[in-house]
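Here's the structure we're looking at; comments come further down.
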Amino acid sequence: MLVIMDPRATEAEIARVKERIKELGYQAHPIPGANQLAIGVTGNQGTEDRIYLEGLPGVVQVIRVTKPYKLASRDTKPENTIVDVRGVKFGAGNIVMIAGPCAVESREQTLRIAQLVADRGALMLRGGAYKPRTSPYAFQGMGEQGLEILAEAREKTGLPVVTEVVDPADAPLVAQYADMLQIGTRNMQNFTLLKEVGKLGLPVLMKRGMSANLDETLMSIEYLMSHGSKAVVVCERGVRTFGNHSRNTLDVSIIPAFKRVSHLPIIVDPSHAGGHRYSVVPLALAGVGAGADGLLVDVHDDPDHALVDGPQALLPDDFKELMAVLGRIAEALGKSLGSPPAVDSERS
């Protein structure tokens, strides 16, 4: 259900509505709008309880939300949500570039690449301290040492950090270092992890599962939002198909479909979609052309010796050219590449 409040409703009236929702055994989720406050209600199984809310002072209307995903739906919040990560804004007419190595391999490598992407216009730094790998013998990441390196890179460049959480037990630790928490494709339906990450309240970047449809993706987002994370960005990184010409198949069709039903931003990861350096730029441009709010790109200055996903990483000059092309496309679309936040070791 969605409770629409009168714009003139007092704080006491709003508090009473939220209290009544809790008395009914449900959860209240305040949703600020352009002109009035709405309160999303989750946990209810039917519409019979709406009569207990419609008569309360300050309530204009109680609307039934028919979709199984409530908080992620435009039925609940028609206006686009702007996700703010230390001044970097997704969904505000920007094409947000997140770039960096797929994995934190060493302090020197990470700081060097972080500065390279910062100098070329990236707004955020990516890098995995924990790496879920198909092979148990592959490099699994540097753990907390990798997180410390990412924090140092943020201090030196000013770029907010997004890094992956793979274990619910590690989520609080990762949250101490990261500005945005990433849920990887393998964990999109790890509901225990989603609950724990949601409770932390940080912005979340959630990758679509490699075989997940739109509704399944939205329901995973609902897990995050219903447990406390209101700032969620979804990432299309390609799905598994019969094609053998690329690592995955980038599904640009999900971008307009997602934007039609959800108010949240969506970005594209062309590196993990294509799996080959030559395909990253074309896929990035396709995603932006379809309406993506940003890109997540692997960049490495020595990809032949990268410990993770070297073949799909852009070289620094390739990344520079991509940023130049994006600038022209952003101008044509009436969008912006944005400005990096100032160098500041304090997280806001």
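The values are calculated or read from the model by the stated rules, or taken from the named source; none is laboratory data. Here the structure is a predicted model, which is why all the values come from computation and not from measurement. With ideal geometry, Cβ positions are generated from the backbone for all residues, glycine too; neighbour counts draw on all protein chains shown.
So how many residues does segment 83-99 have that are in a strand (DSSP E or B) and in contact with a helix residue (DSSP H, G or I) (Cβ under 6 Å, 6 or more places away or on another chain)?
1
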Next item on the list: Working carefully through the options SER262, SER246, SER253, SER271, find the one that is out of contact with any helix residue (DSSP H, G or I) (no Cβ under 7 Å at 6 or more places or on another chain) and either of a type in the set (S, T, N, Q) or modelled with pLDDT under 95 (or both).
Entry: SER253
Notebook entry, point to check: Yes or no: SER226 farther than 20 Å from ARG86 by Cα, touching a Leu at 6+ places or on another chain (Cβ under 7 Å) and among the hydroxyl-bearing types (Ser, Thr, Tyr)?
Noted result: yes
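What are the residues in segment 246-262 that are among the hydroxyl-bearing types (Ser, Thr, Tyr) and over 17 Å from the mean Cα position of the chain (by Cα), if any?
SER246, THR249, SER253
Yes/no matrix, rows are residues, columns are (1) out of contact with any Asp or Glu (no Cβ under 7 Å at 6 or more places or on another chain); (2) of a type in the set (S, T, N, Q); (3) crowded, with 19+ Cβ neighbours inside 10 Å:
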residue: LEU205; (1), (2), (3): yes, no, yes
residue: GLU216; (1), (2), (3): yes, no, no
residue: SER229; (1), (2), (3): yes, yes, yes
residue: GLU236; (1), (2), (3): no, no, yes
residue: VAL261; (1), (2), (3): yes, no, no
residue: ILE266; (1), (2), (3): no, no, yes
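Residues are listed down the side, and each one gets a yes or a no for (1) at pLDDT 95 or above; (2) touching a Ser or Thr at 6+ places or on another chain (Cβ under 7 Å):
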site: LEU116; (1), (2): yes, no
site: LEU123; (1), (2): yes, no
site: GLU144; (1), (2): no, no
site: ILE149; (1), (2): yes, yes
site: VAL165; (1), (2): yes, no
site: LYS199; (1), (2): yes, no
site: MET206; (1), (2): yes, yes
Margin query: Checking the structure you have, find out if any residue of segment 251-258 is among the hydroxyl-bearing types (Ser, Thr, Tyr) and either closer than 29 Å to ASP318 by Cβ or surrounded by fewer than 20 Cβ atoms within 10 Å (Cβ to Cβ) (or both).
Written below: yes
Notebook entry, point to check: Somewhere in segment 86-93, is a residue outside the structural domain of ALA313 (by TED's automatic domain parsing), surrounded by fewer than 20 Cβ atoms within 10 Å (Cβ to Cβ) and at pLDDT below 90?
Noted result: no
Next item on the list: Output the residues belonging to segment 208-237 that are more than 13 Å from the chain's Cα centre (by Cα) and among the hydrophobic types (A, V, I, L, M, F, W, C).
Entry: MET210, ALA212, LEU214, MET219
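Results for (1) assigned by TED's automatic domain parsing to the domain that holds PRO316; (2) free of Cβ contacts under 8 Å to residues at least 24 places away in the same chain; (3) surrounded by fewer than 21 Cβ atoms within 10 Å (Cβ to Cβ); (4) closer than 18 Å to GLN312 by Cβ, shown as yes or no for each residue.
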{"residue": "PRO101", "(1), (2), (3), (4)": "yes, no, no, yes"}
{"residue": "VAL104", "(1), (2), (3), (4)": "yes, no, no, yes"}
{"residue": "GLU108", "(1), (2), (3), (4)": "yes, yes, yes, no"}
{"residue": "LEU125", "(1), (2), (3), (4)": "yes, no, no, yes"}
{"residue": "GLN140", "(1), (2), (3), (4)": "yes, yes, yes, no"}
{"residue": "GLU155", "(1), (2), (3), (4)": "yes, no, yes, no"}
{"residue": "PRO160", "(1), (2), (3), (4)": "yes, no, no, no"}
Note to self: Kindly evaluate GLY291 against the criterion of being touching a helix residue (DSSP H, G or I) at 6+ places or on another chain (Cβ under 7 Å), on the phi < 0 side of the Ramachandran plot and surrounded by 14 or more Cβ atoms within 10 Å (Cβ to Cβ).
What the structure shows: no
